[in-house]
Amino acid sequence: MAELQEVQITEEKPLLPGQIPEAAKEAELAARILLDQGQTHSVETPYGSVTFTVFGTPKPKRPAIFTYHDVGLNYKSCFQPLFQFGDMQEIIQNFVRVHVDAPGMEEGAPVFPLGYQYPSLDQLADMIPCILQYLNFSTIIGVGVGAGAYILSRYALTHPDTVEGLVLINIDPNAKGWMDWAAHKLTGLTSSIPEMILGHLFSQEELSGNSELIQKYRNIVTHAPNLENIELYWNSYNNRRDLNFERGGEITLKCPVMLVVGDQAPHEDAVVECNSKLDPTQTSFLKVSNPPPCAPGKLTEAFKYFLQGMGYMASSCMTRLSRSRTASLTSAASIDGNRSRSRTLSQSSESGTIPSGPPGHTMEVSC
């Protein structure tokens, strides 16, 4: 019952106290259960079937939050720590969510037959229009991790009019070079697929610490019943093409973007490089001391500010960050007096506020 109480349902015209009939109470409880469980669908695409789970109901004139998980995980293991976090409920009640499972990654998925040609990451991105057409959704705010961040970025490049914003966690937009390819092959001779995937998800320092979180994810990957499918997704990720982002060029993300990376994440350099190639007036950069799955509170607050900057949740109560951080702003005013193009936010005291605003700046948050 405690989990059910976290789901809030806002009525357009709430009844006065004492006027809610028993039937309405039962209907509200049933709606809460339905929202909490989600509805799972599958749709056929030119590259095979894809499964996704929808939570909530579409809100007028609001995009759907659309998530895509990393290699070795599914939508539950990748996103449940974030979307079940208490402060995230304020976002959940304002947006419908679509959680995609890459083919063969959903719970209970059968193992693909020997010789099955798994879709490339580009083809996985090309499946997304089939999902949106099935749901009759016109726009999304994408939230992707690792391989999922790449897939959503590739989709945004080819369908920019349908993407209102992107939260990209641990993205590596670059194809593997020859040195990377050789190192990957050499590692494959001495390491198992689960160990290589764990090295993709966490840094060596985090793995050597062998915390409870590391043990949890090691168990998820090592004992996955669809490990053969995971290896196919892993191979597609390692054969990805370069996204060829170019600041000021034609190939770039045209929507607001929030880049997120852990302070010691394996992909820290790649995310920093990605930040240097995107439009600084549209890009925010968030660095956390722990990898994003470990810091749902920090990521939730940053996500709320990101949505506020896009014009959503203007009356949202910003609690955690506003209590614990002070904004340290570095601004460079343009000649025509437009708003500043750079902003650095850092933890500097136990009190203070962070001003919100449109995502027309580069923002770095060290949490």
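The values are calculated or read from the model by the stated rules, or taken from the named source; none is laboratory data. Everything numeric in this text was worked out from a predicted model, so none of it was measured. Virtual Cβ from ideal backbone geometry, glycine too; neighbours counted across all protein chains shown. With ligands, DNA and RNA removed, areas are computed over all heavy atoms of the protein, side chains included. Shrake-Rupley method; radii C 1.70, N 1.55, O 1.52, S 1.80 Å.
If you scan segment 56-83, which residues turn out to be over 17 Å from ALA147 (Cα atoms) and either free of Cβ contacts under 8 Å to residues at least 12 places away in the same chain or of a type in the set (Ser, Thr, Tyr) (or both)?
Initially, segment 56-83 is screened for residues over 17 Å from ALA147 (Cα atoms), giving 56-65, 80-83.
Listed by number, the residues that qualify are THR57, PRO60, LYS61, GLN80.
Farther than 21 Å from LEU253 by Cα, in contact with a Ser or Thr (Cβ under 8 Å, 6 or more places away or on another chain) and open to solvent by less than 10 Å² (accessible area, probe 1.4 Å) - does that describe any residue in segment 134-157? So that I can check it myself, show each step before the final result.
First pass over segment 134-157, keeping only residues farther than 21 Å from LEU253 by Cα: 134-136.
Now drop any that are not in contact with a Ser or Thr (Cβ under 8 Å, 6 or more places away or on another chain), which leaves none.
For segment 134-157, residues farther than 21 Å from LEU253 by Cα, in contact with a Ser or Thr (Cβ under 8 Å, 6 or more places away or on another chain) and open to solvent by less than 10 Å² (accessible area, probe 1.4 Å): absent.
None of LYS59, LYS76 is within 27 Å of GLU231 (Cα to Cα) and out of contact with any helix residue (DSSP H, G or I) (no Cβ under 7 Å at 6 or more places or on another chain) except LYS76.
Would you point out the residue of segment 64-119, among those that are under 21 Å from GLU164 (Cβ atoms) and of a type in the set (S, T, N, Q), that is surrounded by the fewest Cβ atoms within 10 Å (Cβ to Cβ)?
Initially, segment 64-119 is screened for residues under 21 Å from GLU164 (Cβ atoms), giving 64-69, 75, 79, 82-83, 88, 90-100.
Retained after the next criterion (residues that are of a type in the set (S, T, N, Q)): 67, 93-94.
Numbers: THR67: 26, GLN93: 15, ASN94: 17.
The extreme case among them is GLN93.
Residues in segment 127-149 that are farther than 13 Å from THR162 by Cβ and in a helix (DSSP H, G or I): MET127, TYR134, ALA147, GLY148, ALA149. Only one entry in ILE214, ILE197, ILE220 is without any contact (Cβ under 8 Å) to a residue 40 or more places away in the chain and either under 18 Å from TYR75 (Cβ atoms) or among the aliphatic types (A, V, I, L, M) (or both), namely ILE214. Just wondering, is there one or more residues in segment 186-195 that are aliphatic (A, V, I, L, M), at pLDDT below 90 and open to solvent by 70 Å² or more (accessible area, probe 1.4 Å)? Yes. Restricting the first member to segment 96-111 and to residues that are under 20 Å from GLY146 (Cα atoms), and the second to residues that are aliphatic (A, V, I, L, M) and open to solvent by 10 Å² or more (accessible area, probe 1.4 Å), the beta-carbon pairs closer than 6 Å and six or more apart or on different chains are VAL98/VAL54.
Please indicate, with yes or no, whether at least one residue in segment 133-142 is under 26 Å from ASN238 (Cα atoms), within 13 Å of the chain's Cα centre (by Cα) and at pLDDT 95 or above. Yes.
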